[in-house]
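The values are calculated or read from the model by the stated rules, or taken from the named source; none is laboratory data. From a predicted model like this one, the values you see are computed outputs, not experimental measurements. Here Cβ is always computed from backbone atoms with ideal geometry, including for glycine, and neighbour counts include all displayed protein chains.
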Amino acid sequence: MDRVNDRPVVIARRFNGPPGSGHGGYSAGRAGVLVDGPAAEVTLLRPPPLETPLAVRRNAEVALLDGADVVAEARPAELSVGGPPPVSVKQAAAASERFAWEHDHPFPTCFGCGPERDPADALCLFTGPVGDGRFAVPWTPPAWTGDGVVEPVFAWAALDCPSSAPVHGTISSPVVLGRFSVALERPIEVGAPHVIQAWLERSDDRKRHTAVAIFTAAGERRAVGRAVWVQLARPLGT
């Protein structure tokens, strides 16, 4: 039986991705944190609207609804991700200097990686190539991400844009997040240096499958994700 009795979810304008719609990772996280279990898979079925109460429906899955339209579906997941060892914070900082969209970003006000955003209220994660298939960015979670440890929804958000970095050189038009699976393995300390690292797993027509993880400066993994990025039909710059 369907149940619609949780408080509605509202994605504030601050948390945009493309103009006029919610940041994929943050929006997926708002659904994912409603799922019981160590990991969740969220499918975004339409651009999440901003400043709009989204009803929460629970049955076999959790769904966020804009009227009759399903915006996102979330379910428990089993997530097994290996991947390469993490780079150092210094290497991640050097990689960040090579961020592909620094001057030609398709969504320059994106909460996760928009160069026109202020670090006082956005993540500003500019992920670049290490040179060996890994993409990385340093991240010291700011105080607004949590009280001592990063709130789960901001961990989801922080994993999102870095997971798109491995596809930048393989596309001819912007990509948007279609599906995101995340496991929050251990607490992420606010104010401590971390590395977010991503890599491409495979390509499938207009879809790119990537993996991403958050590590401490000592190389201990704190969270991991797997993303499916969908290439839009319009070319870059149009």
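Here the condition is being within 12 Å of Arg222 (Cβ to Cβ) and assigned to a helix (DSSP H, G or I); of Ala183, Ala155, Ala192, it holds for Ala155 alone.
The rows are residues; the columns are (1) in contact with an Asp or Glu (Cβ under 8 Å, 6 or more places away or on another chain); (2) farther than 17 Å from Phe15 by Cβ.
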site	(1), (2)
Gly133	no, yes
Trp144	yes, no
Gly148	yes, yes
Gly178	no, yes
Arg186	yes, yes
Glu189	no, yes
Val195	no, yes
Ala198	no, yes
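Restricting attention to segment 212-223, the residues being over 11 Å from the mean Cα position of the chain (by Cα) and in a strand (DSSP E or B) number 6. Strands (runs of 3 or more DSSP E) fully within segment 38-127 that include at least 3 residues being in contact with a helix residue (DSSP H, G or I) (Cβ under 7 Å, 6 or more places away or on another chain) and of a type outside the set (Lys, Arg): 39-44.
Within segment 130-139, not a single residue is crowded, with 22+ Cβ neighbours inside 10 Å, assigned to a loop (DSSP other than H, G, I, E, B) and not basic (Lys, Arg). Within segment 48-71, the set of residues being surrounded by 20 or more Cβ atoms within 10 Å (Cβ to Cβ) and either outside the structural domain of Gly32 (by TED's automatic domain parsing) or in contact with a Gly (Cβ under 8 Å, 6 or more places away or on another chain) (or both) comprises just one member, Pro48.
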